[in-house]
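S.K.: Below you'll find the structure I mean.
The values are calculated or read from the model by the stated rules, or taken from the named source; none is laboratory data. Small disclaimer: the values here were computed from a predicted structure and weren't measured. Please note: Cβ atoms are built from the backbone with ideal geometry, for glycine as well, and neighbour counts cover all protein chains shown. For the accessible areas, the whole protein counts, side chains as well, though only heavy atoms, and no ligand, DNA or RNA atoms are used. Shrake-Rupley method; radii C 1.70, N 1.55, O 1.52, S 1.80 Å.
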Amino acid sequence: DIIDFDVSQDYDDIEQIGEITLNLTIANGLPHDIKFQGTFYDSAFNVLDEIFLTEEDQWIILSGDPGDDGYIDQETEKTEATTQISYTEERLNLIDNAKYLQVRFLYRTFDEGNEPVKYYMDYGMDFRVGAEIKLDVNMDL
């Protein structure tokens, strides 16, 4: 899906941001992996930047670990993965003129889709998100 994304319209002082780091930790109790990628485009749909620079980094949610019975115990068999997305000043400058963001998700079941899976009503995921923003602020005192 492609969504409107105009940083310059929403944030007048983006040049004050030196770096942004997002930390996303997901404990997955479902039997599937999810791959995510976001691509920033300018008004002519030229690619400006992609959120993840390697394909390996795009796998942000890893499947829970089913036991021998195929059930994922929600207390002991969730798989936890932490994804860090960093935007330095150089990368922020790349998306300063972005007008669109395309988001893509790929879903595959446990063991790269090679094993049959079961879904139960008590399956779930836990999300924790944190952000660190470094600002370059000049003030006259």
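S.K.: Here are some residues: 67, 18, 38. Which one is farther than 20 Å from residue 104 by Cα, of a type outside the set (A, V, I, L, M, F, W, C) and either touching a Pro at 6+ places or on another chain (Cβ under 7 Å) or not in a loop (DSSP other than H, G, I, E, B) (or both)?
M.R.: 18
S.K.: Against the definition (open to solvent by 70 Å² or more (accessible area, probe 1.4 Å) and within 17 Å of residue 25 (Cβ to Cβ)), how does residue 76 come out, yes or no?
M.R.: Considered against the rule, which asks whether it is open to solvent by 70 Å² or more (accessible area, probe 1.4 Å) and within 17 Å of residue 25 (Cβ to Cβ), residue 76 comes out as no.
S.K.: One residue is enough: does the stretch 101-114 have a residue meeting the conditions surrounded by 14 or more Cβ atoms within 10 Å (Cβ to Cβ), closer than 25 Å to residue 42 by Cβ and at pLDDT 90 or above?
M.R.: yes
S.K.: Next question. Within the stretch 101-110, is even one residue closer than 30 Å to residue 137 by Cα and not in a helix (DSSP H, G or I)?
M.R.: yes
S.K.: Might you check whether a residue that is outside any strand (DSSP E or B), of a type in the set (A, V, I, L, M, F, W, C) and open to solvent by less than 90 Å² (accessible area, probe 1.4 Å) occurs anywhere in the stretch 118-133?
M.R.: Looking for residues that are outside any strand (DSSP E or B), of a type in the set (A, V, I, L, M, F, W, C) and open to solvent by less than 90 Å² (accessible area, probe 1.4 Å), one finds none in the stretch 118-133, hence no.
S.K.: Okay, moving on. Using beta carbons and a limit of 8 Å, which pairs, at least six apart or on different chains, have the first residue in the stretch 36-62 and farther than 20 Å from residue 129 by Cα and the second one in a helix (DSSP H, G or I)?
M.R.: 40/94; 40/95; 48/94; 48/95; 49/91; 49/94; 49/95
S.K.: So, one more: Need pairs with beta-carbon distance below 6 Å; first residue in contact (Cβ under 8 Å) with a residue 40 or more places away in the chain and at negative phi and within the stretch 75-88, second of a type in the set (Gly, Ala, Ser) and surrounded by 12 or more Cβ atoms within 10 Å (Cβ to Cβ); sequence gap 6+ or separate chains.
M.R.: 77/64; 78/27; 78/29; 78/64; 79/64; 80/27
S.K.: Which residues, taken from the stretch 1-26, are modelled with pLDDT of 85 or more, surrounded by fewer than 17 Cβ atoms within 10 Å (Cβ to Cβ), under 19 Å from residue 60 (Cα atoms) and of a type outside the set (Val, Ile, Thr)?
M.R.: Result: 22, 23.
So that you can scan it fast, the table gives a plain yes or no per residue for (1) small (Gly, Ala, Ser); (2) open to solvent by 100 Å² or more (accessible area, probe 1.4 Å); (3) at pLDDT below 90:
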position	(1), (2), (3)
46	no, no, no
51	no, no, no
58	no, no, no
93	no, no, yes
141	no, yes, yes
